[in-house]
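Novice: Below are the structure tokens for one structure; questions will follow.
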Amino acid sequence: MEPVVLSLGGSVLIRDDGDTAYLRKLAKILIGLSSSYKLYVVTGGGRIARYYIGAGRDLGADESFLDELGIEVTRLNARLLITALGDRAYHVPPSNYDEALQAGKTHSIVVMGGVSPGITTDAVAALLAERVKAKRLVNATSVDGAYSADPKKDPGATRISKMTHEDLIALVGSTPAGAGPSVVFDSVGAKVLERSKITLAIVEGRDLANLRDAMEGRAFKGTIVV
């Protein structure tokens, strides 16, 4: 089956306490898609990771340790999604790309979190897409595409419906230093996608019908990077 990679933002996956209805709906869509595609999902840490990272920073932890804290949260998020997916998903989050490849041989859905300090889950998803030879990576985030500026800070920011990989690299620039950056897509990941010519779809992850369209390679609302 054709492999498709989903980078699922932690702030999309876990928005509020006790928000399991979204998890159930997302799992239903992923299970349905897994009949036609081999799915690899990489979960981010979101606000919970940022809380731990912020608290650890206040307590004097170094950035490498803070990265490890964030990775632990991404793997907890992965386990939560695995629980919602049931037997269709591999039962534990792989800790590296080789494990993910092996898990994909026995299960139609593989869910993992972060891998190592200094690399975001967007970059993990891009490197995983490269390893499994996926042609398409979908980035489910808290905004409905890439914008000319941060739409949460600049009311004049406009959504970009289509761009090249080079445009994306220029837009994201260098990812902010330190653990827990919040950008539309990681700069390292953007360069990985460019070198392997992997199409990137950026969508608002709570719009599940639109997310499904993007994962199937159909027309969608958001940003496509080719």
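Novice: Taking the options Asp167, Asp122, Asp213, Asp150, name whichever one is of a type in the set (Asp, Glu) and part of a loop (DSSP other than H, G, I, E, B).
Specialist: Criteria check complete, one pass: Asp150.
Novice: State all residues of segment 146-160 that are within 19 Å of the chain's Cα centre (by Cα) and open to solvent by 40 Å² or more (accessible area, probe 1.4 Å); if no residue qualifies, say none.
Specialist: Tyr147, Asp150
Novice: Another one. So which pairs qualify, if the first residue must be in segment 33-60 and over 20 Å from Asp122 (Cβ atoms), the second must be open to solvent by 80 Å² or more (accessible area, probe 1.4 Å) and among the aromatic types (Phe, Trp, Tyr), the Cβ gap must be under 9 Å, and the two must be at least 6 apart or on different chains?
Specialist: Close Cβ pairs (under 9 Å, with a partner that is open to solvent by 80 Å² or more (accessible area, probe 1.4 Å) and among the aromatic types (Phe, Trp, Tyr)) amount to Gly56/Phe65.
Novice: Another one. Just give me the residues in segment 132-174 being within 30 Å of Asn96 (Cβ to Cβ) and out of contact with any strand residue (DSSP E or B) (no Cβ under 9 Å at 6 or more places or on another chain), in sequence order.
Specialist: Glu166, Ile169, Gly173, Ser174
Novice: Only residues in segment 128-145 that are open to solvent by 10 Å² or more (accessible area, probe 1.4 Å) count as the first member; pair them with residues that are basic (Lys, Arg), Cβ under 7 angstrom, at least 6 apart or cross-chain, and list the lot.
Specialist: Filtered contacts from segment 128-145: Asp144/Arg159; Asp144/Lys221.
Novice: Between residues in segment 153-175 that are among the charged types (D, E, K, R) and residues that are assigned to a strand (DSSP E or B) and open to solvent by less than 40 Å² (accessible area, probe 1.4 Å), which pairs lie under 9 Å by C-beta distance while being six or more apart or on different chains?
Specialist: What qualifies is Arg159/Ala146; Arg159/Thr223; Lys162/Thr223; Lys162/Val225; Asp167/Ala146; Asp167/Val225.
Novice: Could you check, for segment 157-164, whether at least one of its residues is out of contact with any Gly (no Cβ under 7 Å at 6 or more places or on another chain) and assigned to a helix (DSSP H, G or I)?
Specialist: no
Novice: Which of the residues belonging to segment 1-17 are closer than 14 Å to Leu208 by Cβ and either among the charged types (D, E, K, R) or assigned to a helix (DSSP H, G or I) (or both)?
Specialist: Residues satisfying the conditions are Val12, Leu13, Arg15.
Novice: Something else: Restricting attention to segment 171-198, report how many residues are farther than 29 Å from Asp62 by Cα and either modelled with pLDDT under 95 or open to solvent by less than 40 Å² (accessible area, probe 1.4 Å) (or both).
Specialist: 2
Novice: Here's another thing I want to ask about it. Please find, among Ala55, Ala103, the residue that is at pLDDT 95 or above and surrounded by 19 or more Cβ atoms within 10 Å (Cβ to Cβ).
Specialist: When all the criteria are applied, what remains is Ala103.
Novice: Considering each of Val115, Val143, Val110 in turn, give the residue that is part of a strand (DSSP E or B) and hydrophobic (A, V, I, L, M, F, W, C).
Specialist: Val110
Novice: Now a separate question. Helices (runs of 4 or more DSSP H) wholly in segment 18-86 with at least 1 residues that are in contact with a Phe, Trp or Tyr (Cβ under 8 Å, 6 or more places away or on another chain) - which ones?
Specialist: 46-58, 63-85
Novice: Given the condition under 17 Å from Val42 (Cα atoms), surrounded by fewer than 19 Cβ atoms within 10 Å (Cβ to Cβ), of a type in the set (Val, Ile, Thr) and touching a residue at least 40 places away in the same chain (Cβ under 8 Å), answer yes or no: does some residue in segment 112-120 qualify?
Specialist: Looking through segment 112-120, at least one residue is under 17 Å from Val42 (Cα atoms), surrounded by fewer than 19 Cβ atoms within 10 Å (Cβ to Cβ), of a type in the set (Val, Ile, Thr) and touching a residue at least 40 places away in the same chain (Cβ under 8 Å).
Novice: Which numbered condition in (1) in contact (Cβ under 8 Å) with a residue 60 or more places away in the chain; (2) open to solvent by 70 Å² or more (accessible area, probe 1.4 Å); (3) within 18 Å of the chain's Cα centre (by Cα) is the only one that Asp67 fails?
Specialist: Condition not satisfied by Asp67: (2).
Novice: Are any of the residues in segment 91-100 open to solvent by 10 Å² or more (accessible area, probe 1.4 Å), within 15 Å of the chain's Cα centre (by Cα) and within 19 Å of Leu26 (Cα to Cα)?
Specialist: yes
The values are calculated or read from the model by the stated rules, or taken from the named source; none is laboratory data. Values in this document were obtained by computation on a predicted structure and should not be read as measured data. Neighbour counts run over all protein chains shown; Cβ positions are idealised from the backbone, glycine included. In case anyone asks, the SASA skips ligands and DNA or RNA and just uses the protein heavy atoms, side chains included. Shrake-Rupley method; radii C 1.70, N 1.55, O 1.52, S 1.80 Å.
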